[in-house]
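Report on the following structure.
The values are calculated or read from the model by the stated rules, or taken from the named source; none is laboratory data. None of these values were measured; they are calculated from a predicted model. So basically every Cβ, Gly included, is an ideal-geometry build from the backbone, and we count neighbours across all protein chains shown. Keep in mind that these areas ignore ligands, DNA and RNA; they rest on the heavy atoms of the full protein, side chains included. Shrake-Rupley method; radii C 1.70, N 1.55, O 1.52, S 1.80 Å.
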Amino acid sequence: MDLELLRTVLELNRSRHFGRTAEALFLTQAAVSSRLKSLESQLGVTLFERSRREMRLTPEGSRLIRHSERLIAAWRAARQDVSLAEASQQLVIGGSSRLWDVLLQRWLHDLRRADSTLAIIAEAQSPDFLTRKLIDGTLDVAIMLEPAQLDIMHVREIATIEFILVSSHAGLDVSAAMEQNYIYVDWGLSFALDHRRTFPDVAESMTRVSYAKMAMDYITSLGGSAYLPRRMVRRDIELGLLHEVADAPSFVRQAYATYPVRSPRLSLIEKSLKLVHSD
């Protein structure tokens with residue numbers, strides 16, 4: 001099996017567009033079409049239903065996507081394990097995309113500082129995707145805000161994150177901050193429920209984003225307010241670039257590390273988690 005065919009199908013599933021897939025893979029649209037036809041011919045099934053308006057996976061295509069993700073991840077890990085002869089061990093880490101800039105980028109740096117011979121594969125993905133990879137055995141450990149509770153997984157509290165309301169404007173009270181270009185950051189279902197209970201009368205935000213860095217860049221460029229992790233904005237507050245809204249309530253959430261109970265790298269995982277800083 002040519003893994004490039006699988007990569008093409010994964011990209012097609014992501015973009016649902018031959019032109020965008022061709023651009024992402026540096027191919028022509030004809031080459032993308034040829035790869036898809038070749039794979040469908042080898043498998044004897046149709047992977048996508050195609051019309052003028054949309055592309056969507058067939059049931060067979062959906063099943064292939066799951067296998068493709070596992071195969072490519074396993075090949076990447078095997079290639080690194082074999083190629084890096086000087087590496088003593090390998091660790092595949094993952095984290096919720098929401099947490100990467102907040103907590104996990106620093107963890108990656110500290111892992112490298114602690115062991116220059118450790119082979120590291122790191123990725124930021126959705127919690128569902130990370131959980132699938134943990135179950136498949138292609139991911140050693142993942143850090144998330146709301147992990148799935150599974151008997152085959154250790155779930156360990158690893159850090160406390162305080163979310164505070166900050167604004168690009170000084171002197172605002174909470175009502176003014178929530179009304180003047182408030183950016184809602186999606187910190188997960190639990191945060192959303194607490195936010196709604198705390199601010200039942202606040203209108204829906206005109207701007208919603210998925211990641212903290214998106215909100216930070218937005219506020220820096222256009223002004224506004226958002227709930228962001230204290231650890232992430234502390235320096236900006238000290239420099240006067242952002243201002244904490246003094247009368248706004250804060251929200252506290254725990255970040256959890258999830259890893260297989262029977263992992264062959266259990267001691268390495270637990271050693272690495274000691275480098276996650278909660279400050």
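Taking all pairs of distinct Cα atoms, average 1/r, flip it, and tell me the Kirkwood hydrodynamic radius of the stretch 96-156 in Å to one decimal place. Intermediate results must be reported in sequence, preceding the final value.
Values: mean 1/r = 0.0798 Å⁻¹.
Every distinct Cα pair counted, the radius reaches 12.5 Å.
Express in % the proportion of alpha carbon pairs of the stretch 159-279 at distances exceeding 17 Å. Intermediate values should be presented prior to the final figure.
On the way: 4318 of 7260 pairs.
Every Cα pair in the stretch 159-279 considered, those over 17 Å come to 59 percent.
Can you figure out the FRET efficiency of residue 15 with residue 173, using R₀ = 41 Å and their beta-carbon distance, to the nearest 0.05?
Details: r = 44 Å, r/R0 = 1.08.
Rounded to the nearest 0.05, the efficiency is 0.40.
Could you pull out the GluC sites (Glu not before Pro) across the stretch 180-279 that fall in loop regions by DSSP (anything but H, G, I, E, B) with no more than 11 other Cβ atoms inside 10 Å? Could the numbers behind the result be given before it?
On the way: sites: 204, 238, 244, 270; in loops: 204.
Answer by residue number: 204.
Debye sum, Cα scatterers, the chain, no solvent: what log₁₀ I/I(0) at q = 0.07, 0.13 1/Å?
-0.34, -1.03
Which angle from 0 to 90°, rounded to the nearest 10, does the C-alpha axis of helix 189-198 make with the longest principal axis of the chain?
Rounded to the nearest ten degrees, it is 20.
Per residue, what accessible area does the stretch 151-228 have, given a 1.4 Å probe and all protein chains present, in Å²? Write down the numbers at each step before the final one.
Details: 4060 Å² over 78 residues.
That works out to 52 Å² per residue.
More than 20 angstrom separation, counting every C-alpha pair in the stretch 26-148; what % is that? Numbers along the way, then the final one.
Numbers: 4375 of 7503 pairs.
The proportion of pairs with Cα distances above 20 Å equals 58 percent.
Tell me which residues come under 5 Å, amide H to amide H, from residue 153 once H is placed; ignore anything under 5 positions away on its chain.
261
Taking H placed 1.01 Å from N in the peptide plane, check which residues at least 5 places from residue 91 or on another chain put their amide H under 5 Å from its amide H.
Amide H neighbours of residue 91, under 5 Å, 5+ apart: 119, 120, 121.
List, in order, the whole-Hz ³J(HN,Hα) value for each residue of the stretch 11-16 obtained from phi through the Karplus relation with A = 6.51, B = -1.76, C = 1.60 and θ = phi - 60°; use x for Gly and Pro.
Those phi angles translate into 5, 4, 5, 6, 8, 6 Hz.
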